[in-house]
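The values are calculated or read from the model by the stated rules, or taken from the named source; none is laboratory data. Treat the numbers as computed from the prediction; the structure is a model and nothing was measured. Every residue, glycine among them, receives a Cβ derived from its backbone with ideal geometry; neighbour counts consider all protein chains shown.
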Ligand SMILES: N[C@@H](CCC(=O)N[C@@H](CS)C(=O)NCC(=O)O)C(=O)O
């Protein structure tokens, strides 16, 4: 039996990409919650794995040549696991290039744009008093989400999966696409995406992967509460100085 892979995560779509892949590949793992709403992503020991102060990250005790390895960035983790197991990541150059196009499309487009749409819809209203100030940004990211769903819908027309057989590209896209309804999108406008969501979302490994962290707090705490102040401080308005001070606060010596 292989040693457990540690997965640093919170209940978020980027984390579920990794838990889905681990479930699909049959790799045993240990979920290690990082309470990003409490600033735990700034702990020096976490930053040593993930210098970008973002989850997910993994430590595989049996990395290349048997030595432990840590990996951050969900796309890098998926391709690492695909190479490690030889599953869901084809080795012939043409098929691999096709998978990578859609994996990178998710990483550069879907993740960031859906994430910003979620920020402006779900969090900006409790950060900014004047709704007019967030209207433009909300519209811009809603439009991007819609545009990207349109690209995905076109790609899935006449295809069962985004790039040949079911692959790490589908695993990367699924958790964000499944969230599109919560971003105000009418999935009825994207019928091929709807069918694919059902095809992927009913896989037992996907159901198990998406359930990881269901006990962790996800939503914004009540406006004005001490929890919300902590939450907002940890997640928003980050810059180089605030990250350095959050890191100092999370150091054991402080
Ligand atoms: N491109 C990164 C994005 C990761 C990311 O944005 N993670 C968020 C949660 S979904 C996070 O850790 N946020 C903590 C913070 O903003 O400090 C990936 O896909 O791994």
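Can you spot a residue in segment 76-97 that is out of contact with any strand residue (DSSP E or B) (no Cβ under 6 Å at 6 or more places or on another chain), in contact (Cβ under 8 Å) with a residue 12 or more places away in the chain, under 22 Å from residue 235 (Cβ atoms) and outside the structural domain of residue 156 (by TED's automatic domain parsing)? Walk me through it before giving the result.
Pass one, segment 76-97, residues out of contact with any strand residue (DSSP E or B) (no Cβ under 6 Å at 6 or more places or on another chain): 76, 78-79, 81-97.
Within this subset, residues satisfying the condition of being in contact (Cβ under 8 Å) with a residue 12 or more places away in the chain are 78-79, 81-82, 84-85, 87-90, 95.
If we keep only those that are under 22 Å from residue 235 (Cβ atoms) as well, we get none.
Scanning segment 76-97 turns up no residue that is out of contact with any strand residue (DSSP E or B) (no Cβ under 6 Å at 6 or more places or on another chain), in contact (Cβ under 8 Å) with a residue 12 or more places away in the chain, under 22 Å from residue 235 (Cβ atoms) and outside the structural domain of residue 156 (by TED's automatic domain parsing).
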Output the residues belonging to segment 72-104 that are assigned to a loop (DSSP other than H, G, I, E, B) and over 13 Å from residue 164 (Cβ atoms). 73, 86, 87
Please go through segment 149-171 and give me each residue that is closer than 13 Å to residue 104 by Cα and not in a loop (DSSP other than H, G, I, E, B), ordered by number. 168, 169, 170, 171
So, in segment 24-71, how many residues would count as being within 11 Å of the ligand (Cβ to nearest atom) and assigned to a loop (DSSP other than H, G, I, E, B)? 9
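State whether one or more residues within segment 116-129 are at pLDDT 95 or above and within 16 Å of the ligand (Cβ to nearest atom).
Checking segment 116-129: at least one residue is at pLDDT 95 or above and within 16 Å of the ligand (Cβ to nearest atom).
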The condition of being surrounded by 11 or more Cβ atoms within 10 Å (Cβ to Cβ), at pLDDT below 95 and either outside any helix (DSSP H, G or I) or not assigned by TED's automatic domain parsing to the domain that holds residue 173 (or both) holds, among 252, 221, only for 221
Out of 11, 3, sole residue that is over 21 Å from residue 206 (Cβ atoms) and either surrounded by fewer than 21 Cβ atoms within 10 Å (Cβ to Cβ) or without any contact (Cβ under 8 Å) to a residue 24 or more places away in the chain (or both): 3
If I go through segment 5-23 residue by residue, how many of them are in contact with a helix residue (DSSP H, G or I) (Cβ under 6 Å, 6 or more places away or on another chain), within 10 Å of the ligand (Cβ to nearest atom) and either more than 16 Å from residue 114 (Cβ to Cβ) or assigned to a loop (DSSP other than H, G, I, E, B) (or both)? 3
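With the structure loaded, tell me whether residue 137 is assigned to a helix (DSSP H, G or I), in contact (Cβ under 8 Å) with a residue 24 or more places away in the chain, more than 27 Å from residue 23 (Cβ to Cβ) and more than 15 Å from the ligand (Cβ to nearest atom) or whether it fails that test.
no
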